[in-house]
Amino acid sequence: MKQIKAIRKRMHQPAGRTIHPDEFENFVLVRYGLTLKKRLKGIHKETVQRFLQEMLADTPIDQNWQLTDILGKTLRRIGNKVPFQFYRVITNDWPEIQHFLQREIPAVPLTERIIVSDPVDDTQLQEIVSTALAGNTYSELVDNNPEMLERVKNQPASSLQTNLLTDESIDWQKVAAVFGPFNFDPSKAADAGTRQWLEQLMKE
C-alpha cells in the first residue's frame, strides 16, 4: 500500500518526472485500478488483474512489447494453475485488455518509453488461447499416467487444439467437456484469497 500511495503521489507531480523500473509493475496496476477495472464486472475485475500481474512479472521492461508474443508466453506460464474459465474470461475481455495495454504501457514515465506493437486480432486470439488450452489438455492427460502418455505421444498438438474449435473459434462447451473430468482443485491455492477467487471463477 505504501508503494501504491507513493506512485499515486508521483502521478500528480509535474510532467517530466520519471519512475524507476522497479516501480513499473505497481504503476501499471494502479492505472488498471483507476481505469479498466472500474468498467469490468464481478469476478472479471480480479481475473484480469491477476492476468496482468502474471504478464508484468514475465515480461522484460524493454523498448518493444509485441502483444502476440507476450500473450502466448503469459498463457503458457499460467498453464493449469487456473481452471479453463480463466481463459474464457481473458478471451472475452481481451479487446479491453489490449486497449488498456496499448494506451497505458507507452505512457508509463520510464526514462525510455515502451513501444507496444503487434496487436492481437480475433483470429490470432482464438489461435493463441486454443493452443494454450490444448497444451493444458496434453499436460493433464499425461501427468503421472505413463499409459496415457503412450496413447497420445504420437498425436500432434494441433489435433488436440482442433478438438476445442468450432468454425475456427473456441467452443467453450467442448472445452468444458474436455476439462470437466480433471476436477480442478482450488484447495491447492497458495492462500485463502486465491482459493476464494478460484472458487468464484469456476462458477463463471
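The values are calculated or read from the model by the stated rules, or taken from the named source; none is laboratory data. In this text the structure is predicted, and so the values were computed from the model without any measurement. A quick note on method: Cβ atoms are made from the backbone with ideal geometry, for glycine too, and the neighbour counts reach across all protein chains shown. For accessibility, only protein heavy atoms count, side chains too; no ligands or nucleic acids. Shrake-Rupley method; radii C 1.70, N 1.55, O 1.52, S 1.80 Å.
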Starting from region 28-41, keep only residues that are among the charged types (D, E, K, R), then list their pairs with residues that are part of a helix (DSSP H, G or I) whose Cβ atoms are within a distance under 6 Å, requiring at least 6 positions of separation or different chains. 31/104; 37/45
Across region 66-77, what is the number of residues that are more than 25 Å from residue 110 (Cα to Cα) and buried (at least 19 other Cβ atoms within 10 Å of the Cβ)? 1
One residue is enough: does region 8-23 have a residue meeting the conditions out of contact with any Cys (no Cβ under 6 Å at 6 or more places or on another chain), closer than 14 Å to residue 97 by Cβ, at pLDDT 95 or above and not basic (Lys, Arg)? no
Where residue 87 falls short, out of the listed (1) open to solvent by 50 Å² or more (accessible area, probe 1.4 Å); (2) at pLDDT 95 or above: (1)
Which of the residues belonging to region 36-65 are among the polar types (S, T, N, Q) and surrounded by 14 or more Cβ atoms within 10 Å (Cβ to Cβ)? 47, 49, 53, 59
Would you pick out the residues in region 104-145 that are closer than 18 Å to residue 60 by Cα and charged (D, E, K, R)? 104, 112, 113, 118
Sort through 116, 108 and tell me the only one that's more than 30 Å from residue 159 (Cβ to Cβ), open to solvent by 20 Å² or more (accessible area, probe 1.4 Å) and either of a type outside the set (Val, Ile, Thr) or more than 14 Å from the chain's Cα centre (by Cα) (or both). 116
Residue 103 fails exactly one of the following numbered conditions: (1) surrounded by fewer than 18 Cβ atoms within 10 Å (Cβ to Cβ); (2) closer than 18 Å to residue 165 by Cβ. What is the number of that condition? (2)
When the residues of region 111-136 are filtered to those that are touching a Ser or Thr at 6+ places or on another chain (Cβ under 6 Å) and outside any helix (DSSP H, G or I), which remaining residue is nearest to residue 23 (Cα to Cα)? 111
